[in-house]
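Peer 1: Got a structure for you, written out below as structure tokens; questions coming shortly.
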Amino acid sequence: MTDYRSATRPPRRAPRTPPRARTDARGEAFTTADGRALFVRPIRPGDADALRRGFARLTPEQVRLRTFHRMSELTAASAERLTRVDPGTTTALVAVDADGEIRGEARLHADAVTNAAEFGVAVDPAFTGQGIGRRLMQRLLDDARRRGLDEIWGDVLAHNDTMLDFVKALGAERHPLADEPGVIRVSLRTSAAR
């Protein structure tokens, strides 16, 4: 039997899905909050010089907050080592501009024993507050889920309000470390992160 009622109804529209991110050889296209075009992709061995230049753009305070000590430069050997990761345990992502300059970097190191991963993130001071850190962290969380990890965690100096506020907005929990005064461990459950 024919259902004539359906013939008089307008056709149903398919549910709207968000547009897929454009990805090409440069990476996943990303526009910052102020309109600058970047690309998010895994770090490559050829990125060593750009990584050194990106490190040189960080303020001394950013370096100290990221590494917990002062460093005046990233050596060529260290940069080479940081660009060659073991994909079985490590994810390293960069946000690069059209010239290949690194404007943000994030990485995680997975630990199969704890089923968790340590993370770190840094953003070029000329690009902070533009959504780069959030985009990189979301990609790290996606990778942690793909790996079947329960959480990602990082140690943050207690006076690093910028980072503490950033991870709080992502849904992180805070835990002071009894054996390291002045350091707070932040953790994001992969199933609950926003």
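Every read-out reported here was derived from the displayed coordinates using simple, explicitly stated rules and does not represent laboratory data. Owing to the predicted nature of the structure, the values given are computational and were not obtained by experimental measurement. Because the Cβ atoms are built from the backbone with ideal geometry, glycine has one as well, and the counts that use them run over all protein chains shown.
Peer 1: How much FRET efficiency would the formula 1/(1 + (r/R0)^6) give for residue 150 and residue 90, where r is the Cβ-Cβ distance and R0 is 22 Å, rounded to 0.05?
Peer 2: Details: r = 18 Å, r/R0 = 0.81.
It comes to 0.80.
Peer 1: Any idea which of 130, 171, 154 is furthest toward the positive side of the dipole for segment 26-189, if Lys and Arg beta-carbons carry +1 and Asp and Glu beta-carbons -1?
Peer 2: Positive-end residue among those listed: 130.
Peer 1: Suppose R0 equals 45 Å. What FRET efficiency, 1/(1 + (r/R0)^6) with r the Cβ-Cβ distance, do residue 183 and residue 25 give to the nearest 0.05?
Peer 2: Values: r = 40 Å, r/R0 = 0.89.
That pair, residue 183 with residue 25, gives E of 0.65.
Peer 1: Given Cα pairs under 8 Å that are at least 6 residues apart, what percent is the relative contact order of segment 39-125?
Peer 2: Normalised by residue count, the contact order of segment 39-125 is 32 percent.
Peer 1: Further, regarding this structure: Once Rh for segment 26-189 is found with the Kirkwood sum over Cα pairs, what is the Stokes-Einstein diffusion coefficient at 37 °C and 0.692 mPa s, in µm²/s?
Peer 2: D, rounded to a whole number, is 203 µm²/s.
Peer 1: Using only alpha-carbon positions, what ratio does the radius of gyration of segment 78-121 give when scaled by 2.2 N^0.38 Å? Don't skip to the answer; put the middle values down first.
Peer 2: Numbers: Rg = 12.0 Å, N = 44, 2.2 N^0.38 = 9.3 Å.
Against the empirical 2.2 N^0.38 Å value, I get 1.30 for segment 78-121.
Peer 1: Same structure again: Given Cα pairs under 8 Å that are at least 6 residues apart, what percent is the relative contact order of segment 26-189? It would help to have the intermediate numbers written out before the result.
Peer 2: Numbers: 277 pairs, mean separation 29.7, N = 164.
Once divided by the residue count of segment 26-189, the mean separation gives 18 percent.
Peer 1: So, one more: Highest first, please rank the peptides 121-128, 78-85 by the mean number of other Cβ atoms sitting within 10 Å of their residues.
Peer 2: Working: 121-128: 18.1, 78-85: 16.1.
The most tightly packed comes first, giving 121-128, 78-85.
Peer 1: If you project the alpha carbons of segment 93-194 onto the principal axes, what extent comes out on each, in Å, largest first?
Peer 2: Computed over the Cα atoms, the extents are 43, 32, 21 Å.
Peer 1: Let me ask you something else. List, in order, the whole-Hz ³J(HN,Hα) value for each residue of segment 87-101 obtained from phi through the Karplus relation with A = 6.51, B = -1.76, C = 1.60 and θ = phi - 60°; use x for Gly and Pro.
Peer 2: Computed from phi, the couplings for segment 87-101 are x, x, 10, 10, 10, 10, 10, 10, 10, 10, 8, 4, 8, x, 6 Hz.
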